[in-house]
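Inspection log for the structure reproduced underneath, given as structure tokens.
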Amino acid sequence: EFRRVLFRSQIVFAPTVPANAPILAVPVAKDGVAKVNWSAIGGDVEAVATSAASAARFAGEAGSVVELFVPVDGAVRQVLLVGVGAGENADWEKAGGAITGRLLTSGATSVVADLSAGATPTPKAAAHFAAAAAQRAWRYDTYRTKLAEKSKPTLTEITIAGAPEGTGAAWAEQAAVTGGLDLTRWLVTSPPNVVYPESFVEKVTKEVEGLGLEITVLDEAQMTELGMGSLLGVSQGSRREARILALKWNGAGADAPTLAFVGKGVTFDSGGISIKPGAGMEDMKWDMGGAGAVAGAMKAIASRKAKANVVGVMGLVENMPDGAALRPSDVITSMSGQTIEVLNTDAEGRLVLCDCVTWVQQAHKPTTIVDLATLTGAMIVALGTENGGIFANDDVLADQLIAAGKATGDTLWRFPLSPAYDKLIDSPIADMKNVGPRGAGSITAAQFIKRFVDEGVKWAHLDIAGMVWSDKPGTNHDKGATGYGVRLLDQFVADNFEG
């Protein structure tokens, strides 16, 4: 049984600030302290507030916060001045996340953000502000039985007062994305004895129930019949059976082009016989981050009833060392019929993806495929944790995904593909080998997947190895699972596949 581990502050919209609001948050534009409507706070507080802001060198930079205690009607009111910078959607997101980050475990139970007292957002910016405030509150405390009282979350309600007309519709879209992020973060954060292929399917199926998604699940017997020797080769060392989970959303009618998302779902990656070093192996519970992002994106797309046809495919396996495990130098046959010489069993994600790509092309005939995977350590060496890598066989598709990344903060940086790199994975005894030389490791991994994409299909590969987990808090997440990919994919669909 899955316990609800989500802690997300409730978002409430109100036309005006409720009476006796204990904590008030006021958005302030860059260099906009003088433009704040101080009378809205109550009492004669301008001199105190402006002096305090000046002393703290607060100038309204996006995400910056000054906490004040000002006298109002014989009492003290707590006020947060929150910077919204230039007022872009991303700036308002930083402000919303900053409020929650400051108050989540502070002892405060509620806060009111007065959008009429300071900087004024657009409806979309107001929705992004509310979404980041909710998303930043996500917690996973299921197994923390001795959490210190001061570390427990207390903030349960965030009221958005004075939001501009039209915010409701924009918030509905952001609420759907927030729900998708919840699911992705749960999947990525949960330990591998809780999330494994069968339970991943159970959890996601339960989470999307009633949303109108068509659900397909393939077990090992069905995959064997289909000839998925590549994906099953990765799974054969584990006592956990592999699964493929497909979620299909038909929101635009049968004649619209089909978009496919494919996610790597290695629920734990020991490296197999090519076992990883012990230090840091615990991180490999999130080697299913690509599949987690696809699950969350499909939930978001279905929740907001997107006018697009999208199928999300998740290849779910556990990579373990065992007497039955795949060995270095084994040759396996993929569903496409192409043969693969396995030189390193820790280069397993591409073996999972290639059969998923073949299957989705045969079963759904998409015109565009985007795959996501925590695929290579080389990507972290190249980009760190600031950008995901993108490879594509189509320039327009690459530009569309990069634009969606910029709009959402799930940023991407493009890498090359070429026949010169492709030759590096030619095998002397099979059609290809699963790894190339040490150099260009992320590129040769992408070249491997490209060999399974049919002629005429637009394809992009996102290597998100450095992005699904963070060692520091961000705008809309605490330390841990980021939910990277959910907002990116949802924005990509909205921008390019909906009328």
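Karplus-based coupling profile of the range 445-456, in residue order and whole Hz: 5, 5, 4, 4, 5, 4, 5, 9, 8, 5, 4, x, with θ = phi - 60° in 6.51 cos²θ - 1.76 cosθ + 1.60 and x standing for Gly or Pro. Annotation: Cα Rg of the chain relative to the compact-globule expectation 2.2 N^0.38 Å equals 1.04.
To the nearest 10 degrees, how steeply does helix 289-303 sit against the main Cα axis of the chain, on a 0 to 90 scale? Here the helix axis deviates by roughly 60 degrees.
For the range 31-82, dividing the convex hull volume of the Cα atoms by the residue count gives 67 Å³ per residue.
Taking packing as the residue-averaged number of other Cβ atoms within 10 angstrom, the listed peptides 117-125, 33-41, 242-250 run from highest to lowest as 242-250, 117-125, 33-41. Across every pair of non-identical alpha carbons in the range 257-389, the mean reciprocal distance, once inverted, gives a Kirkwood radius of 15.9 Å.
Summing charges over all other residues whose Cβ lies under 14 Å from the Cβ of residue 227, with Lys and Arg as +1 and Asp and Glu as -1, gives -3. Within the accessible surface of the range 165-317, defined with a 1.4 Å probe on protein heavy atoms only, the carbon and sulfur portion equals 51 percent. For residue 37, project a label point 7 Å along Cα to C-beta. Then give me every residue of the range 144-169 with its amide nitrogen under 14 Å of that point. Answer for the range 144-169: 161-165. In order along the range 421-438, the phi-based Karplus estimate (6.51 cos²θ - 1.76 cosθ + 1.60, θ = phi - 60°) of 3J(HN,Hα) comes to 6, 4, 4, 5, 10, 5, 9, x, 10, 9, 5, 6, 10, 8, 9, x, x, 4 Hz; Gly and Pro are listed as x. Highest mean packing comes first when the peptides 286-297, 185-196, 162-173, 411-422 are listed by Cβ atoms within 10 Å, giving 286-297, 185-196, 162-173, 411-422.
The portion of the accessible surface of the range 1-128 made up by carbon and sulfur, rounded to a whole percent, is 49 (1.4 Å probe; DNA, RNA and ligands excluded).
Listed peptides 375-381, 130-136 appear in the order 130-136, 375-381 once ranked by packing, highest mean of other Cβ atoms within 10 Å at the front.
Across the range 319-414, the convex hull enclosing all Cα atoms gives 134 Å³ per residue.
A 1.4 Å probe run over the chain, with the rest of the protein chains in place, finds 40 Å² accessible per residue. Rounded to the nearest 10 degrees, the angle from helix 395-408 to the longest Cα principal axis of the chain is 30 degrees.
Distance from the C-alpha centroid of the range 207-285 to that of the range 442-499: 16 Å, rounded to the whole angstrom.
Rounded, prolate or oblate for the range 22-178? Axes are the square roots of the Cα gyration tensor eigenvalues, ordered a ≥ b ≥ c, and the cut-off for rounded is a/c under 1.5. It is oblate, given that a/c is not under 1.5 and a/b is not larger than b/c. Karplus-based coupling profile of the range 213-224, in residue order and whole Hz: 7, 8, 10, 10, 10, 10, 9, 5, 5, 5, 5, 5, with θ = phi - 60° in 6.51 cos²θ - 1.76 cosθ + 1.60 and x standing for Gly or Pro.
The values are calculated or read from the model by the stated rules, or taken from the named source; none is laboratory data. All values reported here derive from a predicted model rather than from experimental measurement. Please note: Cβ atoms are built from the backbone with ideal geometry, for glycine as well, and neighbour counts cover all protein chains shown. Accessible surface areas use protein heavy atoms only, side chains included; no ligands, DNA or RNA. Shrake-Rupley method; radii C 1.70, N 1.55, O 1.52, S 1.80 Å.
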